[in-house]
Amino acid sequence: MAQDLFDLAVEPPAAPAPLAPHGGLGERLATVNGAWLGQELDRHGCAVLPALLTAAECAALAALYAEPAHFRSRVVMARHGFGSGEYQYFAYPLPTPVAELRHAAYQLLRPTAQRWAAALGEDKHYPPDYADYLARCQAAGQLRPTSLLLQYGAGDYNCLHQDLYGEEVFPLQLAVLLSAPGKDFSGGEFVLTEQRPRMQSRVEVVPLQQGDAVCFAVQARPQQGARGAYRVQLRHGVSRVRSGRRHVLGVILHDAT
């Protein structure tokens, strides 16, 4: 039987306070209110986790961009029509903070992923152990990590897109802003668009501060309708950076072919 979405007529729990800067990333994400997170994702397709990383942690991750040994490939967006700017995909083994964040994000987002699959009548099961999910990716021929660092300069932007890398797709992902708005850069807002059947697109501009993480739908989310849940398509991107340099950590939970 399909599982219902949260009752969207009910006022959602209060937005979370900034996450405590002590402890490991798994410990920090374990404190997130699951009911609040689920309702935010059901309502908007995204949810902001404030101050997941400290400024020092953000700076250390952004500094990895200049160390090629951590990465398997580099993509210049303009060469492929993706926008302007560039990014690098991490190689296995992932740097420890990236691996910890990926594992903890899966644990945090798995209940919503499972609930969305049930609401849409999909016969999918996301195992409790992230290693078992990665084994499923490997069985589908998806062997390469998809976590990445993105770098934007003045005038750069990211076209609306979906991060699909093969048959196996985990329906939620996470991005962490590593640079400080108003100090390191200006512009460069995270943008999410939503297309419901036979309706015009809805746009969500998500304000982020340094260290904030945004959880969001990779491809689609369920929307409750009069005849049950239906699929709403989403795409995400980044508006034009007006000045400075912007770094972002992308945490995609399925691997790539």
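Of everything in region 84-115, what is out of contact with any Leu (no Cβ under 6 Å at 6 or more places or on another chain), surrounded by 21 or more Cβ atoms within 10 Å (Cβ to Cβ) and small (Gly, Ala, Ser)? Give them in sequence order. Spell out the reasoning first.
Step one: filter region 84-115 for residues out of contact with any Leu (no Cβ under 6 Å at 6 or more places or on another chain), giving 84-86, 90-99, 102-103, 107, 110-111, 114-115.
Now drop any that are not surrounded by 21 or more Cβ atoms within 10 Å (Cβ to Cβ), which leaves 85, 90, 98, 102.
Scanning region 84-115 gives a single hit, 85.
For the list (1) closer than 17 Å to residue 210 by Cα; (2) open to solvent by 60 Å² or more (accessible area, probe 1.4 Å); (3) among the hydroxyl-bearing types (Ser, Thr, Tyr), I need the number of the one condition that residue 31 fails.
Every condition holds for residue 31 apart from (1).
Conditions: (1) at positive phi; (2) modelled with pLDDT of 95 or more. Residue 121 meets all but one. Number of the miss?
(2)
Going residue by residue through region 191-200, is there one that turns out to be open to solvent by 30 Å² or more (accessible area, probe 1.4 Å), outside any loop (DSSP other than H, G, I, E, B), closer than 26 Å to residue 254 by Cβ and polar (S, T, N, Q)?
Yes, some residue in region 191-200 is open to solvent by 30 Å² or more (accessible area, probe 1.4 Å), outside any loop (DSSP other than H, G, I, E, B), closer than 26 Å to residue 254 by Cβ and polar (S, T, N, Q).
Is it true that some residue in region 158-177 is without any contact (Cβ under 8 Å) to a residue 24 or more places away in the chain, of a type outside the set (A, V, I, L, M, F, W, C) and either out of contact with any strand residue (DSSP E or B) (no Cβ under 9 Å at 6 or more places or on another chain) or surrounded by fewer than 19 Cβ atoms within 10 Å (Cβ to Cβ) (or both)?
Within region 158-177 (the criterion being without any contact (Cβ under 8 Å) to a residue 24 or more places away in the chain, of a type outside the set (A, V, I, L, M, F, W, C) and either out of contact with any strand residue (DSSP E or B) (no Cβ under 9 Å at 6 or more places or on another chain) or surrounded by fewer than 19 Cβ atoms within 10 Å (Cβ to Cβ) (or both)), the answer is no, since none of the residues qualifies.
Can you name every residue in region 135-174 that is closer than 15 Å to residue 106 by Cβ, outside any loop (DSSP other than H, G, I, E, B) and aliphatic (A, V, I, L, M)?
Result: 135, 172, 174.
Of everything in region 241-257 that's open to solvent by less than 10 Å² (accessible area, probe 1.4 Å) and part of a loop (DSSP other than H, G, I, E, B), which residue is farthest from residue 46 (Cα to Cα)?
255
Suppose the filter is within 24 Å of residue 32 (Cβ to Cβ), open to solvent by 20 Å² or more (accessible area, probe 1.4 Å) and either of a type in the set (Ser, Thr, Tyr) or not in a loop (DSSP other than H, G, I, E, B) (or both); does residue 204 pass it? So that I can check it myself, show each step before the final result.
Working: within 24 Å of residue 32 (Cβ to Cβ): yes; open to solvent by 20 Å² or more (accessible area, probe 1.4 Å): yes; either of a type in the set (Ser, Thr, Tyr) or not in a loop (DSSP other than H, G, I, E, B) (or both): yes.
Answer is yes for this residue.
Taking interchain pairs and intrachain pairs at least six residues apart, which have beta carbon atoms under 7 angstrom, with the first residue in region 60-83 and over 14 Å from residue 248 (Cβ atoms) and open to solvent by 20 Å² or more (accessible area, probe 1.4 Å) and the second modelled with pLDDT of 95 or more and in a helix (DSSP H, G or I)?
Going by the 7 Å Cβ cut-off, the qualifying pairs are 70/64.
Scan region 132-149 and give yes if some residue there is within 16 Å of the chain's Cα centre (by Cα) and surrounded by fewer than 19 Cβ atoms within 10 Å (Cβ to Cβ), otherwise no.
At the first step, the residues of region 132-149 found to be within 16 Å of the chain's Cα centre (by Cα) are 145-149.
Filter once more, so that each one left must be surrounded by fewer than 19 Cβ atoms within 10 Å (Cβ to Cβ): none.
No, region 132-149 has no match at all.
Can you tell me which of 243, 186 is touching a residue at least 60 places away in the same chain (Cβ under 8 Å), among the small types (Gly, Ala, Ser) and over 28 Å from residue 72 (Cα atoms)?
Working: 186 fails: touching a residue at least 60 places away in the same chain (Cβ under 8 Å).
Selected residue: 243, the only one of 243, 186 that is touching a residue at least 60 places away in the same chain (Cβ under 8 Å), among the small types (Gly, Ala, Ser) and over 28 Å from residue 72 (Cα atoms).
Of the residues 57, 40, only one is of a type in the set (Asp, Glu), surrounded by fewer than 21 Cβ atoms within 10 Å (Cβ to Cβ) and either at negative phi or in contact (Cβ under 8 Å) with a residue 60 or more places away in the chain (or both); which? Full working, then the answer.
Details: 40 fails: surrounded by fewer than 21 Cβ atoms within 10 Å (Cβ to Cβ).
Testing whether each residue is of a type in the set (Asp, Glu), surrounded by fewer than 21 Cβ atoms within 10 Å (Cβ to Cβ) and either at negative phi or in contact (Cβ under 8 Å) with a residue 60 or more places away in the chain (or both) leaves just 57.
Out of all the residues in region 212-240, which are open to solvent by less than 60 Å² (accessible area, probe 1.4 Å) and free of Cβ contacts under 8 Å to residues at least 24 places away in the same chain?
Listed by number, the list holds a single entry, 225.
The values are calculated or read from the model by the stated rules, or taken from the named source; none is laboratory data. Because the structure is a prediction, the values reported are computed rather than measured. Please note: Cβ atoms are built from the backbone with ideal geometry, for glycine as well, and neighbour counts cover all protein chains shown. For accessibility, only protein heavy atoms count, side chains too; no ligands or nucleic acids. Shrake-Rupley method; radii C 1.70, N 1.55, O 1.52, S 1.80 Å.
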